[in-house]
Amino acid sequence: MPQTDTTTTEIVYPAAIVWDLDGTLVDSAPDLASALNTLLIEQGQHTHSVDNVRPMIGHGVAKLVERGFRAAGAPLDEASLEKLMPRFMEIYTACATEQTHLIRGARSVLEHFYHAGVKQGICTNKPEGVSRQILQSLDIAGFFNSVIGGDSTAARKPDPLPLETCLGELGVNAVDALMIGDSGADVGAAKAAGVPVALVPDGYTGEPAESLGADYVVESLAKIKEIIPSPPPMLQSA
């Protein structure tokens, strides 16, 4: 998908859109915080508010646990972190859909591109199993032709491998796709894979979206439809 002048809002209509999950389509911070806090309590550490957990999210659940324990004043070495991860996943899998919800406008944009015939995929650093669990619970799994999690490939974002794997499953070339996310990891993966990338500003990074180097930054998820206003005639009649 050739890049256009970023002083305008219009871009070439993509054959596929690859979405990040946490902070882009869903707000999973309450359930992630609940699981992290349960683990911290079990280990005799103090807990964190949901607002304090939000900027800890990103680069996978192991990084969340590492950041959570460090912020509690109990940094983990690699061996200790590895030992705790199965317990964290047990706790999180049990509560992953209790408070997690779609971000405003998510269902509308997913339906918009689905009915336009655009292929859609998920590329997240969250483990694939619990990602699929959340998609099913929120009744949006049917929108996606590919779901790549943080344990689906040998690397995680910002490495391009997960995004490239997702595009391979979708059967779409990088230049014909668009990545939509909320973090520097999404930008890094997209840039390395040669995929244009748009960011929403409501994610978990704690950094201004405009500072992360994306091709496009939108005011909200609903605005995605405005930078890709209408499909070409061949898609409209498909």
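Which ³J(HN,Hα) values in Hz, rounded to whole numbers, follow from the phi angles of segment 211-218 under the Karplus curve 6.51 cos²θ - 1.76 cosθ + 1.60, where θ = phi - 60° and Gly and Pro get x?
8, 9, x, 6, 6, 9, 10, 9
Whole-Hz ³J(HN,Hα) for each residue in segment 25-39, computed from phi via Karplus 6.51 cos²θ - 1.76 cosθ + 1.60 with θ = phi - 60°, x for glycine and proline: what do you get?
Once θ is set to phi - 60°, the couplings for segment 25-39 become 9, 10, 9, 9, 4, x, 6, 5, 5, 4, 5, 4, 5, 4, 5 Hz.
To the nearest 10 degrees, how steeply does helix 61-71 sit against the main Cα axis of the chain, on a 0 to 90 scale?
Compared with the principal axis, the helix lies near 50 degrees.
Can you tell which of Ala96, Ala192, Ala72 shows the greatest fluctuation in a Gaussian network model of the chain with Cα springs below 10 Å?
Ala72
Hey, what did segment 140-202 get for relative contact order, percent, Cα under 8 Å, at least 6 apart?
After rounding, I find 30 percent.
For segment 145-215, with the dipole built from +1 on Lys and Arg beta-carbon atoms and -1 on Asp and Glu ones, taken about the Cα centre, which of Val172, Ala155, Tyr204 lies farthest toward the positive end?
About the Cα centre, the residue reaching furthest to the positive side is Ala155.
Tell me whether the chain comes out rounded, prolate or oblate; compute the Cα gyration tensor, take square roots of the eigenvalues as a ≥ b ≥ c, and use a/c under 1.5 as the rounded threshold.
It is prolate, given that a/c is not under 1.5 and a/b is the larger ratio.
When a/c reaches 1.5 or more, the comparison of a/b and b/c decides; with that in mind, is segment 110-238 rounded, prolate or oblate per its Cα gyration tensor?
Rounded, because the longest to shortest axis ratio a/c is under 1.5.
What list of ³J(HN,Hα) couplings, whole Hz, do you get for segment 109-118 from phi and the Karplus terms 6.51, -1.76, 1.60, once you set θ to phi - 60° and write x for glycine and proline?
Listing the rounded values in order: 6, 5, 5, 4, 6, 4, 6, 7, x, 7 Hz.
Using amide H atoms built in the peptide plane, which far-off residues or other-chain residues are under 5 Å from Val18 H to H?
Gly121, Leu178, Met179, Ile180
Compute the separation of the alpha-carbon centres of segment 119-133 and segment 179-211 and state it in Å as a whole number.
Between the Cα centre of segment 119-133 and that of segment 179-211, the gap is 17 Å.
So if I place +1 on the C-beta of Lys and Arg and -1 on the C-beta of Asp and Glu, and nothing else carries charge, what would the dipole magnitude of segment 1-116 be about its Cα centre? I want it in debye, nearest 20.
So the magnitude is around 140 debye.
Amide H to amide H, which residues 5 or more places from Ile148 or on other chains are under 5 Å from it, using H placed in the peptide plane?
Ile122, Cys123, Thr124
Return a whole-number percent for the relative contact order of the chain, with Cα pairs under 8 Å and 6 or more residues apart as the contact set.
It comes to 27 percent, rounded to a whole number.
Looking at the chain as a GNM with Cα springs under 10 Å, which of Tyr92, Tyr216, Tyr114 has the largest mean-square fluctuation?
Tyr114
Helix 128-137: angle to the longest alpha-carbon principal axis of the chain, degrees 0 to 90, nearest 10?
So the inclination is approximately 70 degrees.
Assuming a ≥ b ≥ c are the square roots of the Cα gyration tensor eigenvalues, decide whether segment 108-165 counts as rounded (a/c under 1.5), prolate (otherwise, with a/b larger than b/c) or oblate.
Oblate.
Run the numbers on segment 75-148 and let me know its relative contact order in percent, using alpha-carbon pairs under 8 Å that are six or more apart.
Answer for segment 75-148 is 35 percent.
Under 29 Å between alpha carbons: how many lysine pairs meet that in the chain, if sequence neighbours fewer than 8 apart on the same chain are excluded?
19
Please give the Cα centre distance for segment 86-116 versus segment 6-77, rounded to the nearest Å.
Value for the Cα centre distance between the two parts: 13 Å.
With the full set of protein chains in place, find how many percent of the accessible area of segment 1-123 is carbon and sulfur; take the probe as 1.4 Å.
With neighbouring chains kept in place, the figure for segment 1-123 is 49 percent.
Any idea of the accessible area per residue across the chain, 1.4 Å probe, to the nearest Å²?
44
The values are calculated or read from the model by the stated rules, or taken from the named source; none is laboratory data. Because the structure is a prediction, the values reported are computed rather than measured. We place every Cβ from the backbone using ideal geometry, glycine too, and count neighbours over all the protein chains shown. Surface areas here come from the heavy atoms of the whole protein model, side chains and all, with no ligands, DNA or RNA. Shrake-Rupley method; radii C 1.70, N 1.55, O 1.52, S 1.80 Å.
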